[in-house]
Amino acid sequence: MKKTFSISIFFFVFSLSAQAPPPKVEELKEYYNSSFKKSPLLTYYYKDVNNYFAPFIGTWIYQNGNQTFVLRLWKVAQKPVYPDDPPKAYVDELRGHYKLVQNYGSANEQTIYTSEINIGNSSTPWPTIIMGNSPIRPYEMSGQIYDISQPFSQARPLGIEGEFKMNINQSNFNTTTWRIKLPMGIYGTNQSTTFNIPTNITLTKVN
């Protein structure tokens, strides 16, 4: 009986010691800091500790006549960073989708285009089309966006990649600038470089 009890205690203690420790929390900006020194023995969670994402979360719109561009943003916390399995790092990320509609909010609202579609010709929906990942300062956000508002093309299955930037107006926190530009690089003559989604507007937060 005493021997069985001792073995049970041994396996209980061993199981506790075998459990992986929780990730070490670091400020999100360190994920993009090439000078940040990481330990190969630790798993890291690069967290939005300052809640810089918070002012951006919600629905933003831009109206032009009877057409309205609608941007919806949300936060995904502790997203695994691949390809490591199990992950050696986790990161907070701002995600989003957009659409252009006619007669926004009315009974006869019609969608002109939306990013909430399947990826290419697959049956897998886009989980997000916006990756906001650089909240280095309050009320400023930048990241990647893909313009998939035009018909699918094998030449550009991910649409047109862009870099977006948002700057919330600190005298009116319900408005923000919205800018999109092409990433730096050399583009071939067969590559489309013209965005169909708005690239230089002011958005208003509605919820």
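The values are calculated or read from the model by the stated rules, or taken from the named source; none is laboratory data. As the structure is a prediction and not an experimental result, all values here were calculated from the model. Note: ideal-geometry Cβ built from the backbone for every residue, glycine included; neighbour counts use all protein chains shown. Surface accessibility is based on the protein's heavy atoms, side chains included, excluding ligands, DNA and RNA. Shrake-Rupley method; radii C 1.70, N 1.55, O 1.52, S 1.80 Å.
Considering (1) out of contact with any Phe, Trp or Tyr (no Cβ under 6 Å at 6 or more places or on another chain); (2) of a type in the set (Gly, Ala, Ser); (3) at pLDDT below 90, say which one Ser142 fails and leave the rest.
All conditions are met except number (3).
If you go through the stretch 3-10 one residue at a time, do you hit one that is aliphatic (A, V, I, L, M) and modelled with pLDDT of 95 or more?
Checked against the condition, which is being aliphatic (A, V, I, L, M) and modelled with pLDDT of 95 or more, the stretch 3-10 yields no hits at all.
Kindly provide the set of residues from the stretch 55-89 that are open to solvent by 40 Å² or more (accessible area, probe 1.4 Å) and within 13 Å of the chain's Cα centre (by Cα), ordered by number.
Ile57, Arg72, Trp74, Lys75, Ala77, Gln78, Lys79 - these are the residues of the stretch 55-89 that are open to solvent by 40 Å² or more (accessible area, probe 1.4 Å) and within 13 Å of the chain's Cα centre (by Cα).
Please enumerate the residues belonging to the stretch 107-152 that are of a type in the set (S, T, N, Q), assigned to a loop (DSSP other than H, G, I, E, B), in contact (Cβ under 8 Å) with a residue 12 or more places away in the chain and more than 30 Å from Lys47 (Cβ to Cβ).
Asn121, Ser149, Gln150
Please work out which residue is surrounded by the fewest Cβ atoms within 10 Å (Cβ to Cβ), limiting yourself to the stretch 45-54 and to residues that are of a type outside the set (Phe, Trp, Tyr) and not in a loop (DSSP other than H, G, I, E, B).
Ala54
Any idea which of Glu30, Glu26 is assigned to a helix (DSSP H, G or I) and either at pLDDT 85 or above or open to solvent by less than 60 Å² (accessible area, probe 1.4 Å) (or both)?
Exactly one of Glu30, Glu26 is assigned to a helix (DSSP H, G or I) and either at pLDDT 85 or above or open to solvent by less than 60 Å² (accessible area, probe 1.4 Å) (or both), namely Glu30.
Residues are listed down the side, and each one gets a yes or a no for (1) open to solvent by less than 30 Å² (accessible area, probe 1.4 Å); (2) out of contact with any strand residue (DSSP E or B) (no Cβ under 9 Å at 6 or more places or on another chain):
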residue: Leu100; (1), (2): yes, no
residue: Ile119; (1), (2): no, no
residue: Ser123; (1), (2): no, yes
residue: Ile129; (1), (2): yes, no
residue: Pro138; (1), (2): no, no
residue: Met141; (1), (2): yes, no
residue: Tyr146; (1), (2): no, no
residue: Lys165; (1), (2): no, no
